[in-house]
1. Give the range 231-276 a look and list any residue that's under 28 Å from Lys176 (Cβ atoms), open to solvent by 50 Å² or more (accessible area, probe 1.4 Å) and free of Cβ contacts under 8 Å to residues at least 40 places away in the same chain, or say none.
2. Within the group Lys25, Lys58, which residue is basic (Lys, Arg), within 13 Å of Phe110 (Cα to Cα) and surrounded by 14 or more Cβ atoms within 10 Å (Cβ to Cβ)?
3. Please go through (1) buried (at least 18 other Cβ atoms within 10 Å of the Cβ); (2) more than 19 Å from Ile297 (Cα to Cα) for Thr220 and return the number of the only condition it doesn't satisfy.
4. Select from the range 105-153 the residues that are among the polar types (S, T, N, Q) and within 22 Å of Ser63 (Cα to Cα) and list them in ascending order.
5. Kindly evaluate Leu286 against the criterion of being open to solvent by less than 10 Å² (accessible area, probe 1.4 Å), touching a helix residue (DSSP H, G or I) at 6+ places or on another chain (Cβ under 9 Å) and more than 14 Å from Asn218 (Cβ to Cβ).
6. Counting only residues that are basic (Lys, Arg), at pLDDT 95 or above and more than 14 Å from Val309 (Cβ to Cβ), how many does the range 246-295 have?
7. May I ask you to verify whether Lys279 is out of contact with any Gly (no Cβ under 7 Å at 6 or more places or on another chain), under 16 Å from Tyr198 (Cβ atoms) and open to solvent by 20 Å² or more (accessible area, probe 1.4 Å)?
8. Could you give every pair whose Cβ atoms fall below 6 Å, whose first residue belongs to the range 35-54 and is under 9 Å from Ser107 (Cβ atoms), and whose second residue is open to solvent by 30 Å² or more (accessible area, probe 1.4 Å), counting only separations of at least 6 or pairs across chains?
Amino acid sequence: MKNIKSLMLSAGVLATCFGVVSCQKSKTTEDGTEYTYIEEGTVKPENGQFVIYEFTAKNSKDSVFISSIENGAPAYMVHNDSIKRYDTTKVRPGIDEIFSNLCKGDSIQFSSTASKIFGEMNTPPFLTADETVTLNIGVVDILDESEMQDFMTKVQEKQRAKMEQKSEEQLATDIKMIQDYMAENSLNATKTESGLFYIIEEEGNGESVEEGNTVSVNYTGYVLDGTVFDTSVEEVAKENDIFNEGRPYEPFSVMVGQGRVIPGWDEGLQLLKGGSKAKLLIPSTLAYGPRQAGEVIKPNSILVFDVEVVDVQK
């Protein structure tokens, strides 16, 4: 199999693209898109082979808005010679022409409008159609189908390791923020191994909640600055200006431990009994992680829930 370690060279390939270099060779596509070779490779792909490449994209303000290196996974395409034939009916003929001519070892740079690069219908909403976008592309390998399977396995393993590391780092940050919040608000919570903090404010005398049970829960959720983002209690919704006449305000019913709610809920509810009232302080790693989940819940938000277990069905 080809040496997958060649991917490690990609960072160097793209680093060259960011530097000030003399234009060694330029070409122009049939639609007028000019691209410059910073390094020129010689190994051409055959039809059906996978072209593996790293890339960065900058907007008109010279700010990188997407990077395969930052994302932790190179991009790839299946080579097809037929794309070389210029066709004005194609969504992005010039860009397709550039990609069809890529060879292993190529390092190129070009600028064009966002609509030419992405296509009129696929231009990202944060870019205008006529905004100038600059792409740097470095081709790091050419693989057959069997080699591609091994390559994807290695990429996925690398991504998992990177995500686990980021998650561990974020959890440590979240725990420190939760502990500071507890100190500021004179709270005494118990921490679980996962990083969830909980306070049983009123011990229930009903059935203990276990995995697979269906529970009915009244709740109010807010972030650390106190902003409420959701509640099942009508009075609380009105007090916090989030009342919605179109929804019922009643206990929320969910089967516990089945991944139907965020992990912090699945774990936290199993610490309670029917009739219990508790406060759950949930690190972002047990909530929505780096995703934005509405206007209030920003990426990596720690969530606080005041919950009351109204009913437990075994």
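The values are calculated or read from the model by the stated rules, or taken from the named source; none is laboratory data. These numbers come from a predicted model, not from an experiment. Every residue, glycine among them, receives a Cβ derived from its backbone with ideal geometry; neighbour counts consider all protein chains shown. In case anyone asks, the SASA skips ligands and DNA or RNA and just uses the protein heavy atoms, side chains included. Shrake-Rupley method; radii C 1.70, N 1.55, O 1.52, S 1.80 Å.
1. Passing the criteria: Asn240, Gly259.
2. Lys58
3. (2)
4. Within the range 105-153, Ser107, Gln109, Ser111, Ser112, Thr113, Ser115, Asn122, Thr123, Thr128, Thr132, Thr134, Asn136 qualify.
5. Numbers: open to solvent by less than 10 Å² (accessible area, probe 1.4 Å): no; touching a helix residue (DSSP H, G or I) at 6+ places or on another chain (Cβ under 9 Å): yes; more than 14 Å from Asn218 (Cβ to Cβ): yes.
In short, no.
6. Result for the range 246-295: 2.
7. yes
8. Tyr37/Gln24; Tyr37/Lys25; Ile38/Thr16; Ile38/Val21; Gly41/Lys104; Gly41/Gly105
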